[in-house]
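The values are calculated or read from the model by the stated rules, or taken from the named source; none is laboratory data. Since this is a predicted model, take the numbers as computed values, not measurements. Cβ coordinates were reconstructed from backbone atoms using ideal geometry, including for glycine residues, and neighbour counts include every protein chain displayed.
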């Protein structure tokens with residue numbers, strides 16, 4: 001059985017980690033390099049940096065933040081936010097990223113997925129899908145949840161996979177920051193439709209929420225922010241909880 005991964009998300013704005021609810025009401029959660037160093041010690045499996053306003057402000061993710069985080073960790077680092085071109089992806093990887101996450105740019109130009117997969121390998125290309133329940137289905141939003149595309153999340157996940165994506169980072173806008181649990185229905189719908197790993201995001205509040213998304217949601221990895229940032233839950237305690245539920249994780 002493949003181990004399930006626990007991923008910490010650093011939502012960065014102006015060089016600081018922030019966290020909100022439903023993509024709004026951002027509050028300061030600390031320094032990205034300091035948080036990354038703590039997670040590295042605590043046994044997190046991967047870290048994702050998302051520059052939450054990079055696309056809205058038409059700039060690329062800040063290279064100095066990526067470099068500062070990369071120096072503190074010895075585990076995979078993914079960077080997203082403002083990755084619009086091959087040059088943007090190259091800059092992120094040169095700064096220390098192992099993977100890049102595409103969202104709005106992939107929706108506008110799906111061939112970017114294929115070009116980056118050919119250049120760096122599919123394992124380095126993550127397609128982020130921000131989805132919300134609309135009209136009886138899960139619909140995709142772009143530009144940090146501000147643009148409603150009307151695209152179906154499951155269909156877009158299939159297309160992104162066919163174009164070379166190595167993973168899907170799936171965020172429920174409805175659950176983001178609510179700590180009410182991951183959207184297991186959304187996660188399972190996408191997980192069952194693609195042969196690549198799906199990372200569940202949005203709604204983590206308790207250890208049991210992780211158990212649920214790995215079983216009912218069939219996620220390969222689960223990403224969280226606030227419950228880790230504010231020292232409410234320990235990564236090591238979470239992993240021991242999951243092992244007690246017969247869910248394979250790395251210790």
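Here are the criteria: (1) modelled with pLDDT of 95 or more; (2) in contact with a strand residue (DSSP E or B) (Cβ under 9 Å, 6 or more places away or on another chain); (3) surrounded by fewer than 21 Cβ atoms within 10 Å (Cβ to Cβ). Tell me which single one residue 150 does not satisfy.
For residue 150, the exception is condition (1).
Kindly evaluate residue 203 against the criterion of being in contact (Cβ under 8 Å) with a residue 12 or more places away in the chain and within 21 Å of residue 79 (Cβ to Cβ).
no
I need a count of the residues in segment 168-182 that are out of contact with any helix residue (DSSP H, G or I) (no Cβ under 8 Å at 6 or more places or on another chain) and in contact (Cβ under 8 Å) with a residue 40 or more places away in the chain.
Total satisfying the criteria: 6.
Taking residue 246 and the conditions (1) out of contact with any helix residue (DSSP H, G or I) (no Cβ under 7 Å at 6 or more places or on another chain); (2) modelled with pLDDT of 95 or more; (3) under 17 Å from residue 126 (Cβ atoms); (4) assigned to a loop (DSSP other than H, G, I, E, B), which numbered condition does it fall short on, given that it satisfies the others?
Exception for residue 246: condition (3).
Tell me, please, whether a residue that is farther than 21 Å from residue 233 by Cα and either at pLDDT 90 or above or part of a strand (DSSP E or B) (or both) can be found in segment 26-49.
no
Return only the number of the condition from (1) at pLDDT 95 or above; (2) farther than 20 Å from residue 176 by Cβ; (3) more than 15 Å from the chain's Cα centre (by Cα) that residue 107 does not satisfy.
It is condition (2) that residue 107 fails.
Within segment 76-92, restricting attention to residues that are part of a helix (DSSP H, G or I) and over 17 Å from the mean Cα position of the chain (by Cα), which residue is farthest from residue 109 (Cα to Cα)?
Restricting to residues being part of a helix (DSSP H, G or I) and over 17 Å from the mean Cα position of the chain (by Cα), the top hit is 91.
Does residue 107 qualify as being in contact with a helix residue (DSSP H, G or I) (Cβ under 6 Å, 6 or more places away or on another chain) and buried (at least 19 other Cβ atoms within 10 Å of the Cβ)?
Taking the combined requirement at face value, the residue does not satisfy it.
Is there a residue in segment 105-118 that is touching a strand residue (DSSP E or B) at 6+ places or on another chain (Cβ under 8 Å), free of Cβ contacts under 8 Å to residues at least 60 places away in the same chain and under 19 Å from residue 9 (Cβ atoms)?
yes
So, restricting to strands (runs of 3 or more DSSP E) that lie completely within segment 113-212, which ones have at least 2 residues that are under 14 Å from the mean Cα position of the chain (by Cα) and closer than 23 Å to residue 235 by Cβ?
It comes to 125-134, 167-172, 198-201.
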